[in-house]
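What follows is a single structure, written as structure tokens, with notes after it.
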Amino acid sequence: MQRLILVRHGITEWNKTGKFQGHSDVPLSEEGEKQAEALRQRLADYSFQAVYSSPLSRALSTAQVALPYATIIQDARLKELNFGSFEGKDLAENEQHPAWQAWYAEPFLRQAPQGESYQQLRERVVDWFKSLNLAHQSRHDGAHGGIVIAFSHSGSIQMLLSHIIGVEHPKWRKRFYLRHSSLSSILFQEDHAVIESINDARHLEDGTYDPFND
């Protein structure tokens, strides 16, 4: 049996102020670094077959702090959605953009100006997922499978989870809730991929930032 663990990066200052990040390379905040340190304790007893990360620093830094001795494979397919012209602005500012209403009405199929659609994001993250070929490995490894871990972003993880459960047209902001540095786990047995857990953030029970509690 194989297992894939998907990790959302730690929090940034842009997350806390509501700015769209996308491909903008925003570093972890001090709080985000603490979340990554909590992850290091959480993951200390695991042995990973492979470690992947989005090359954006908020994800890569989370991986480097959480797994300081690991060899990390960077893969651009794990990046967040490219929000194009909407990046660096909050929702109120973007609502003034002439292209906002049209994009917001159908972000899965419509590209953000100078950016991507969620369908394009889904296609590239699913392409990465298929390249792992974990179902094939599970069939051949039997009970002696391994664990692969990937550090990525909310949109990327949500698009992959929606693919696995067969939701063909997921809605923006109405999919899965993923806290920063949370873990989501997928099991592979023979030809089946089964979601084991979503938004596991037990390592954050010290009261670190949760927007639902503001």
**Request:** Tell me which residues come under 5 Å, amide H to amide H, from residue 199 once H is placed; ignore anything under 5 positions away on its chain.
**Result:** 183, 184
**Request:** Arrange the residues 203, 169, 97 by how much accessible surface each exposes, largest first, with a 1.4 angstrom probe.
**Result:** 169, 97, 203
**Asked** How far, in nm, would the chain grow between residue 95 and residue 194 when pulled straight, counting 0.36 nm per residue and subtracting the alpha carbon separation?
**Response** 31.9 nm
**Message:** Per residue, how large is the accessible surface of the chain? Use a 1.4 angstrom probe and give square angstrom.
**Reply:** 49
**Asked** So who's got an amide H within less than 5 Å of the one on residue 53, skipping anything under 5 residues away but keeping other chains? H placed 1.01 Å off N, in plane.
**Response** 73, 74, 75, 151
**Prompt:** In degrees from 0 to 90, rounded to the nearest 10, what is the angle of the helix 154-165 Cα long axis to the longest principal axis of the chain?
**Reply:** 60
**Prompt:** Going by alpha carbons, how many degrees (0 to 90, nearest 10) lie between the helix axis of 57-66 and the longest principal axis of the chain?
**Reply:** 30
**Request:** Measure off, as a whole percent, the carbon and sulfur share of the 1.4 Å-probe accessible area of the range 53-109, all protein chains present.
**Result:** 52
**Message:** So if I restrict to the alpha-carbon atoms in the range 49-110, what is the Rg, and what is Dmax, the biggest pairwise distance, in Å?
**Reply:** 16.2, 47
**Asked** Tell me, what ³J(HN,Hα) does each residue in the range 109-118 have, in order and in whole Hz, if you take phi through Karplus 6.51 cos²θ - 1.76 cosθ + 1.60 with θ = phi - 60° and put x for Gly and Pro?
**Response** 9, 9, 6, 5, x, 6, x, 10, 9, 5
**Message:** Whole-Hz ³J(HN,Hα) for each residue in the range 19-33, computed from phi via Karplus 6.51 cos²θ - 1.76 cosθ + 1.60 with θ = phi - 60°, x for glycine and proline: what do you get?
**Reply:** 7, 6, 9, x, 7, 4, 8, 9, x, 4, 7, 4, 5, x, 5
**Prompt:** Mind checking the dipole of the chain: about its Cα centre, +1 per Lys or Arg Cβ, -1 per Asp or Glu Cβ, Debye to the nearest 20?
**Reply:** 320
**Pairwise FRET efficiency - residue 110 versus residue 16, Cβ, R0 = 30 Å, nearest 0.05** = 0.60
**Complete:** Under the Karplus relation with 6.51, -1.76 and 1.60 and θ = phi - 60°, whole-Hz ³J(HN,Hα) for the range 119-126, x at Gly and Pro, equal 5, 5, 4, 4, 4, 6, 6, 5
**Message:** Exposed loop sites here are GluC sites (Glu not before Pro) in DSSP loop states with at most 13 other C-beta atoms within 10 Å. What is the longest stretch of the chain lacking them?
**Reply:** 1-94
**Solvent-accessible ranking of 52, 118, 69, 46, largest area first, probe 1.4 Å** = 69, 46, 52, 118
**Request:** Report, for the chain, the % of DSSP beta bridges that are antiparallel, rounded to 5.
**Result:** 50
**Asked** Given just the C-alpha atoms of the range 1-91, how large is their convex hull per residue in cubic angstrom?
**Response** 99
**Prompt:** If you wrap a convex hull around the C-alpha atoms of the range 147-194 and split its volume per residue, what is the figure in Å³?
**Reply:** 79
**Fill in**
When the chain is treated as a Gaussian network with springs between alpha carbons less than 10 Å apart, the largest mean-square fluctuation among 77, 122, 202 is found at 202
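The values are calculated or read from the model by the stated rules, or taken from the named source; none is laboratory data. Since we're looking at a predicted model, the values are computed, not measured. Virtual Cβ from ideal backbone geometry, glycine too; neighbours counted across all protein chains shown. Accessible surface is based on the protein model in full, side chains and every heavy atom, while ligands, DNA and RNA are left aside. Shrake-Rupley method; radii C 1.70, N 1.55, O 1.52, S 1.80 Å.
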